[in-house]
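Taken together, the values in this text are just the output of simple stated rules run on the coordinates, not laboratory data. Note that this is a predicted model, so its numbers are computed, not measured. Please note: Cβ atoms are built from the backbone with ideal geometry, for glycine as well, and neighbour counts cover all protein chains shown.
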Amino acid sequence: MTEDISTRDDRVEPRDDAPPTTRKDLDGDRELIGRAVTINRPAAELYAYFRDFANLASFMENVERVDVIDARRSHWVVKAPGGKTVEWDATVTDEVENESITWQSDDGADVPNSGRVTFKDAGARGTIVTATIAYDPPGGTIGRIIAKMFQREPAIQARRDLRRFKQLMETGEVATAAWTRKQHEEEMA
Amino acid sequence: MRALAWHGKHDVRVDTVDDPEIINPRDCIIKVTATAICGSDLHLYDGYIPTMQAGDVLGHEFMGEVVEVGAKSTLKKGQKVVVPFTIACGSCYHCGKHQYSACDNGLPADNQDIAQELYGQPMSGLFGYSHMTGGYAGGQAEYVRVPFSDVGPIVIPNGVEDEKVLFLSDILPTGWQAAENAGIEPGDTVAVWGCGPVGLFSVQSAFLMGAERVIAIDHFPHRLELARKFGAETINFEQTETYEALMEMTGGIGPDAVIDAVGLEAHGFFVDNVIDQIKASTFLGTDRTHSIRQAIIACRKGGRVSMPAVYGGFVDKFPLGAFMEKGLTLKTGQTHVQHYMPALLNAIMDGKIDTTFLISHRMALEDAPKGYKMFHDNQNEVTKVVLKPDFAAA
């Protein structure tokens, strides 16, 4: 069972003004990852796109799809090694319109996880979007495989996903160097 | 289609590869009518640039006819366009400030990691120039997929010869930006290191911006001769001690502005910077690697340093003391091509800038490997090779 992410920051004794997700030399196993990106669009527009979880697969590489069940609950299908997928249900535990969305996986998830994304107005530069993901290392065979996948530079994965979100919101498309549709499909697989 | 592909050091071949297709809504496909080999392509050829993969299609100076458009492209089939070598979105904060080569979104997300680690923040994408700059297939090909075609390519009026406008893609704006970065004031003396295409366009641009004298520095007699044609005085650094000559020619003051247009030839991206460091540490280093150092030492007190030359890694023995004590200003960067294209197209059409003087060789795309070898082996006479896909192979 993962803790609610909104209480998590308090555990870290502040040493300076850097966000608690910033790499610090005292860290051991990192299970809390976060990234910020500035997107040249209004917060309300970004919030609205993100809040419709069905949109997440358009920029999150590991997410195959998210089905929206109701206003708070969603079903996540996430890519796993060997062409397999893992699935779980998640619930939005807190949201402030145009400012933040916090969600948490329901009991029994293969990879118990929670996430929060915040949208902060940055004036002429647009909006600072910060995503924070926390997960508990899972048990069992499949759990170990999934953990490995999640632990494969999770901070890099988060950064890449946020870049794709930025590209989609600012330019209307996700940049690719593929020059045939076949290459593009292989990239997306 | 046929395309010039990199296979390794000194191994480029014209291969048959898949035709490009529209993938994103803002894309267009162009049928290439003219493309050039850039001096910086020689560093791919020499195997200096990391993150190259066998089969990568080269070329970042190209133009052609629009043959297909995506739903959000503003171009029309049949239009003739010149394509900027920098791939920029036109929508991000930096593009909004016309800093197109600093575009946030030109590089695919996964390709941004290398530059992020190396430079702190990733830059725009580039055509045909390794995977670190996006892995985009380049223009030395029959067809190219051009992303963000609604903001990048410039439409050329009917009836204008390709050769007059081709260099809008890179080297003309690069030479112009170099002169602009030198902050030229009327009456200035400007010294330009390197009389390759960028240096020669810097010479022309500096005069147009009001420089009274331009001093061009190189060791290839033919290239110095071209600089002289545009009114520059010349220094052949193989015959003359450059610093001493500059001081004497400026009455002991030094040039008001200096432009280093040597770049990769001398310094290289990573590998030859490392070699430079090894050479320096073992006392094998040569003065030839020192254009930026020499420019800083020669520049007058309070003067301006412009560096269009491409540097990728770390430079040894940068004269930081001289730079600080003399109160110099340095401006540099990849070219914001999209920003300069419209005004420079007008300057070409008005006859203010001559571009075609540069072209020494015209060849079929099929003969591109020969073109690379010639350019590599004889930089005195081969100033620019233009490849034309519809030329018959020699």
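Peptides B:374-380, B:54-60, B:223-229 ordered by packing proxy, namely the average of other Cβ atoms within 10 Å per residue, highest first: B:54-60, B:223-229, B:374-380. What number comes out for the charge environment of B:Ala322, summing +1 per Lys or Arg and -1 per Asp or Glu over other residues with Cβ under 13 Å away? Its environment carries a net charge of +4. Kirkwood analysis of the protein assembly as shown, using all unique Cα-Cα pairs, places the hydrodynamic radius at 26.0 Å. Across segment B:112-119, coupling constants 3J(HN,Hα) worked out from phi with the 6.51/-1.76/1.60 Karplus curve, θ = phi - 60°, read 7, 4, 4, 5, 4, 5, 7, 10 Hz, and Gly and Pro carry x.
Of the three principal axes defined by the Cα atoms of segment B:1-146, the extents in descending order read 39, 37, 24 Å. Computed from backbone phi, the HN-Hα couplings of segment B:89-100 come to 7, x, 10, 7, 4, 5, 4, x, 8, 6, 8, 5 Hz, rounded to whole numbers (Karplus: 6.51 cos²θ - 1.76 cosθ + 1.60, θ = phi - 60°; Gly and Pro given as x). Computed packing ranks the peptides B:251-262, B:7-18, B:189-200, B:360-371 as B:189-200, B:251-262, B:360-371, B:7-18, most packed first, by mean other Cβ atoms within 10 Å.
For B:Val14, the residues 5 or more places off, or on other chains, whose built amide H falls under 5 Å of its own are B:Ala5.
Segment B:1-69 and segment A:61-121 have Cα centres separated by 41 Å. Inter-chain neighbour count for B:109-119: the average number of beta-carbon atoms from partner chains within 10 Å of each residue's beta-carbon is 4. Charge tally around B:Gly302: other residues with Cβ under 10 Å, Lys/Arg +1 each, Asp/Glu -1 each, net +3.
By how many degrees, 0 to 90 and rounded to 10, does the Cα axis of helix B:337-349 deviate from the longest principal axis of chain B? Value to nearest ten degrees: 90. Length gained on full extension, A:Asp94 to A:Glu45: 15.8 nm, using 0.36 nm per residue less the C-alpha separation.
Placing a label point 7 Å from the Cα of B:Asp390 along the Cα-to-Cβ direction, the residues of segment B:166-184 whose backbone N falls under 17 Å of that point are B:166.
Per-residue mean of foreign Cβ neighbours for B:98-104 is 2 (Cβ atoms of other chains, 10 Å radius). Here, chain B yields an orientationally averaged convex hull projection of 18.4 nm² when only Cα atoms define the hull. Each peptide in A:43-55, A:168-180 was scored by the mean count of other Cβ atoms within 10 Å over its residues; highest first, the order is A:168-180, A:43-55.
For segment B:354-375 and segment B:79-153, compute the distance between their C-alpha centroids and round to whole Å. Using only Cα atoms to place each centre, the spacing works out to 25 Å. Tally Lys/Arg at +1 and Asp/Glu at -1 over every other residue whose Cβ is under 11 Å from the Cβ of B:Lys72; what's the total? It works out to a net charge of -2. The calculated FRET efficiency for B:Lys370 paired with B:Glu212, based on their beta-carbon distance and R0 = 41 Å, is about 0.45. Other protein chain C-beta atoms within 10 Å of residue C-beta, averaged over B:135-142: 2.
Couplings 3J(HN,Hα) for segment B:127-138, derived from phi with the Karplus relation 6.51 cos²θ - 1.76 cosθ + 1.60 (θ = phi - 60°), are 6, x, 9, 6, 7, 5, 9, x, x, 6, 5, x Hz, where x marks Gly and Pro. Helical runs assigned H by DSSP (4 residues or longer) give chain B a calculated mean residue ellipticity at 222 nm of -7500 deg cm²/dmol, each run adding -39500 (n - 2.57) before division by the residue total.
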